[in-house]
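Notes follow the structure.
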Amino acid sequence: MFSTKMISLISQILFVYALSYYLMTNLQWYNYKIERVIFKHKKYQWHIFYFIVPLVAYYISGKYFWIFLLFGYLPALYLWAGKQDKKLLFTSRVKRFFGFLTFALLLFDTLCFTLKSCIHLGILIPIVVALLFSYGYEKILFSGFQKRAKKKLNTIPNLQIIAVTASYGKTSIKNFLYHILSTKYRCYKTPRSVNTLAGLIKDVNEELPNDTQIYIAEAGARERGDIDEIARFLDEDYAVVGSIGPAHIEYFKTLENIRNTKMEILNSKKLKRAFVHKSAHVKPNEKVRVFGDEIKDINSTLDGIRFTLVLNGKEEQFFAPILGEFNAINLTAAILVALEMGVDMESIKRALSTIKAVEHRLQKIEAGGKIIIDDSFNGNFEGMSASYRLVSSYEGRKVLVTPGIVESDKESNIKLAKIMDEVFDIVIITGSLNAQILYKQIKNAQKILLKDKSLLEETLAEHTLPGDLILFSNDAPTFV
């Protein structure tokens with residue numbers, strides 16, 4: 001009797017940890033927003049197979065559950081985790097959660113020798129208790145971290161802060177600004193695509209040098225109020241709002257909500273000047289300069305981009321060895337801010353001539369006799385369609401690798417698919433999210449559906465030849 005109960009107890013503990021591993025992986029993907037895991041997940045079938053069905057099996061299989069656990073659920077979960085390109089990172093937050101979970105399990109499982117039914121009470125309750133303690137503790141820690149970061153920003157002498165937001169191109173604008181302004185100032189920019197309040201607070205506390213003169217920070221959002229929190233934390237001196245469009249429309253519902261959220265960047269108490277792209281549909285004033293109409297004569301090729309700006313009635317020509325006509329907007333934003341901050345025109349032009357492509361954003365690579373254009377971090381209609389137009393003049397075969405547009409509407413994917421069909425010889429569709437739409441609209445190009453991205457290298461080796469151009473357009477993680 002004791003051994004049967006012990007087997008049940010060990011099975012229960014393993015099961016709780018396994019369910020929690022699945023839960024924390026999903027929470028980490030969705031910024032620890034449990035409502036997004038429940039209501040915004042792209043693959044609800046995973047919740048059914050790896051959470052709901054195992055839970056039901058636990059309650060109906062009784063003393064034989066250990067067989068299902070060892071030979072069914074744990075191997076299946078192991079294989080599932082191995083296929084994810086974004087695996088669970090055991091950050092301090094995740095480790096603290098499992099610490100709370102262990103404490104909750106010890107508390108509940110001590111009852112197993114006195115309460116006959118405790119085994120069936122000890123699955124969801126420890127997980128819920130651990131989540132409640134975790135969220136509460138993280139909130140307390142977050143408040144302390146935020147105060148420390150705010151104090152650091154206020155104590156760096158003569159620090160000027162530039163906040164950058166956009167639906168498309170905010171990381172590029174940030175990097176372009178850093179490249180230009182570094183010719184005159186000691187600059188620091190947020191790394192990679194760090195653009196949440198929590199990410200900025202961590203970056204300020206751990207990485208921002210104390211001798212920084214200009215801090216360039218990227219601001220992103222998934223809901224109304226996100227950028228307002230960032231603006232009130234940074235209290236930036238200058239703000240940049242790049243192109244606005246239906247990126248993340250599933251979260252904001254309307255384009256107007258997206259515009260209003262991006263414009264929260266102006267809520268800084270110290271704001272001196274803001275540069276806002278005309279797609280925001282705002283009126284200029286003494287603090288807000290609307291840009292976009294001064295751009296003309298854009299010429300984008302596989303060698304770079306040339307464009308003209310009309311500034312103070314005078315035409316100025318610029319060249320940058322980066323790809324994509326849409327980058328004229330991003331470069332213009334950087335140029336206008338640099339002029340505002342005292343960088344002379346000749347220095348700006350010299351800086352632009354040495355600028356490098358942002359990694360994974362129309363990054364040109366030549367390997368094995370093939371031209372590879374890595375645009376895997378570009379996930380919007382405007383940018384993706386512009387990249388297709390860019391490569392359309394290439395005389396050799398053109399191969400596209402894409403999941404389509406992930407966080408957008410059906411109509412945008414339909415329009416994009418039609419452009420794909422006009423430009424490319426082979427379209428490799430990664431993932432099933434937009435596969436049906438793309439398959440229906442693409443009629444001329446060869447279509448290859450790749451459900452398992454681990455087979456991509458093998459697929460490319462089989463279907464491409466030296467002289468081909470391969471464009472990686474958007475790279476959605478496996479969980480979408």
Separation of alpha-carbon centers, segment 45-100 and segment 210-285, rounded to whole Å: 39 Å
In nanometres, the difference between 0.36 nm per residue of separation and the alpha-carbon distance of Lys43 and Leu456 is 146.6 nm
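Using the reciprocal of the averaged 1/r over all distinct C-alpha pairs, how large is the Kirkwood radius of segment 363-473 in Å?
Working: mean 1/r = 0.0724 Å⁻¹.
Value: 13.8 Å, from the Cα pair sum.
Got the relative contact order for segment 157-353 handy, in percent, Cα pairs under 8 Å and 6 or more residues apart?
Details: 382 pairs, mean separation 44.0, N = 197.
That works out to 22 percent.
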Step through the table entries Lys174/Lys451; Lys152/Lys278; Lys184/Lys272; Lys152/Lys364; Lys63/Lys83; Lys40/Lys272, compare each Cα-Cα distance with 28 Å, and write down the pairs that go over it. Lys174/Lys451; Lys152/Lys278; Lys152/Lys364; Lys63/Lys83; Lys40/Lys272
Here the relative contact order (percent) of segment 365-419, from C-alpha pairs under 8 Å and at least 6 apart, is 35 percent
Quantify how much of the Cα-Cα distance distribution of segment 21-92 extends past 15 Å, in percent. 59 percent
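Note down the magnitude of the dipole of the chain about its Cα centre, charges +1 on Lys and Arg C-beta and -1 on Asp and Glu C-beta and zero elsewhere, to the nearest 20 debye. Mind showing how you got there, number by number?
Details: 61 positive and 48 negative charges, 287 e Å.
Computed about the Cα centre, the dipole is about 1380 debye.
Report the net charge of residues surrounding Arg289, where surrounding means a beta-carbon distance below 14 angstrom and charges are Lys +1, Arg +1, Asp -1, Glu -1.
On the way: positive: Lys272, Arg273, Lys278, Lys283, Lys287; negative: Glu286, Asp293, Glu294, Glu340.
Overall, the nearby charge balance is +1.
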Using only Cα atoms, tell me the angle between helix 124-155 and the longest principal axis of the chain; keep it within 0 to 90° and round to the nearest 10. 30 degrees
For peptides 296-303, 274-281, 179-186, sequence by mean Cβ density within 10 Å, most packed first: 274-281, 179-186, 296-303
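Out of every Cα-Cα pair in segment 405-447, what percent are more than 16 Å apart? Write down the numbers at each step before the final one.
Working: 229 of 903 pairs.
Of all Cα-Cα pairs in segment 405-447, 25 percent lie more than 16 Å apart.
Based on the alpha-carbon set only, what is the convex hull volume of segment 2-139 divided per residue, in Å³? Could you put the intermediate results ahead of the total?
On the way: hull volume 14.8 nm³, N = 138.
Given the Cα convex hull of segment 2-139, per-residue volume reads 108 Å³.
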Segment 363-473 - charge dipole about Cα centre, Lys and Arg +1 at Cβ, Asp and Glu -1, debye rounded to 20: 320 debye
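Treat segment 157-353 as a sphere of radius equal to its Kirkwood radius over Cα pairs and apply Stokes-Einstein at 37 °C in a medium of 0.692 mPa s; give the translational diffusion coefficient in µm²/s, rounded to a whole number.
On the way: Rh = 16.9 Å.
Translational diffusion coefficient: 194 µm²/s.
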Once both axes come from the Cα atoms, what is the angle between helix 92-109 and the longest principal axis of the chain, in degrees from 0 to 90, rounded to 10? 10 degrees
Could you work out the relative contact order of the chain, using alpha carbon pairs under 8 angstrom and six or more residues apart, expressed as a whole percent? 11 percent
In degrees, nearest 10, the alpha-carbon axis of helix 170-181 is tilted away from the dominant principal axis of the alpha carbons of the chain by 50 degrees
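Of the listed peptides 236-246, 373-383, 340-350, 465-475, what is their order by residue-averaged count of other C-beta atoms within 10 Å, with the highest listed first? The partial results should precede the final answer.
Details: 236-246: 24.8, 373-383: 22.7, 340-350: 14.4, 465-475: 19.4.
The most tightly packed comes first, giving 236-246, 373-383, 465-475, 340-350.
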Can you give the extra length, in nm with one decimal, that the chain gains between Glu294 and Gln84 once fully stretched, where that is 0.36 nm per residue apart less the Cα-Cα distance? 71.1 nm
Pairs Lys42/Lys453; Lys314/Lys349; Lys43/Lys253: which are spaced more than 24 Å apart, C-alpha to C-alpha? none
How many nm separate the modelled label positions at His281 and Lys269, each set 7 Å beyond the Cα in the direction of the Cβ? 3.3 nm
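No value in this document is a laboratory result; all are computed from the given coordinates. What you see is a predicted model, and the numbers here were worked out from it, not measured in a lab. As a convention, Cβ positions derive from the backbone with ideal geometry for all residues, glycine included, and neighbour counts pool all protein chains shown.
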